[in-house]
Amino acid sequence: LMGEALYKVHVNYMTAIGWVAQEFKRVTASVEDGGSPDIVDLGNTEMGYRLVPHRLEYTTEVKPGGTLNFNQMWSNTAAGRAWTKTPLKVYLTDAKGNEVWSAVDKSFDPVVFVNGDVHAHDSAFTLPTGLKAGTYDLRFAVVDASTGKPSIKLPIGARDTAGRYYVGKV
């Protein structure tokens, strides 16, 4: 029943109401008291969504005014779905992590990512012609559509204090 609720309905949360609440108390009881807390633990670890970038490829050499390609492979490793469309933002930063340039890909839509599927997404960004030549760090984040600020923590390393993830050098 828990697996069906999680993976067929793609739940982000569950609420125990009415007669179900009475049974919920029994299920959450300790094993010694006849409960099955492992089912509740499974639900708690699998509910919601967990966006994972599996592969990130990008153009390593781009001239000012040129196109920075950022190709990704994503999955959602939990049972639920993202609630709203949240854009992808890329940043070029200097050696100290200061933003030099950024752009948003509004076509990125993790709402469609369901457990068990891998989704390819390709982004292309035109760099400004006035960008100074040099080596920059490429970072990215999944951002809030209204504020443009990083809004989803990803289960990967290399997250900076601004909520951006380091990819490599451009």
Handout entry: Filtered residues of the range 58-112 (kept if at pLDDT below 95, surrounded by 16 or more Cβ atoms within 10 Å (Cβ to Cβ) and outside any loop (DSSP other than H, G, I, E, B))
Key = Ser75, Asn76, Pro110
Exercise for the section: Can you work out which of the residues in the range 133-155 that are modelled with pLDDT of 95 or more and basic (Lys, Arg) is surrounded by the most Cβ atoms within 10 Å (Cβ to Cβ)? Expected result: Arg139
Fill in the blank from the handout: Out of (1) free of Cβ contacts under 8 Å to residues at least 40 places away in the same chain; (2) open to solvent by 30 Å² or more (accessible area, probe 1.4 Å); (3) in a loop (DSSP other than H, G, I, E, B), the one Gly163 does not meet is (2)
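Sort out which residues of the range 122-132 are more than 14 Å from Pro53 (Cβ to Cβ), assigned to a strand (DSSP E or B) and open to solvent by 20 Å² or more (accessible area, probe 1.4 Å), and write them in order of number. Talk me through it step by step, then tell me what you get.
From the range 122-132, those more than 14 Å from Pro53 (Cβ to Cβ) are 124-132; that's our starting set.
The next check asks that each one be assigned to a strand (DSSP E or B); those that pass are 124-126.
Listed by number, the residues that qualify are Ala124, Thr126.
The values are calculated or read from the model by the stated rules, or taken from the named source; none is laboratory data. The structure displayed is predicted, hence computed values, not measured ones. With ideal geometry, Cβ positions are generated from the backbone for all residues, glycine too; neighbour counts draw on all protein chains shown. For the accessible areas, the whole protein counts, side chains as well, though only heavy atoms, and no ligand, DNA or RNA atoms are used. Shrake-Rupley method; radii C 1.70, N 1.55, O 1.52, S 1.80 Å.
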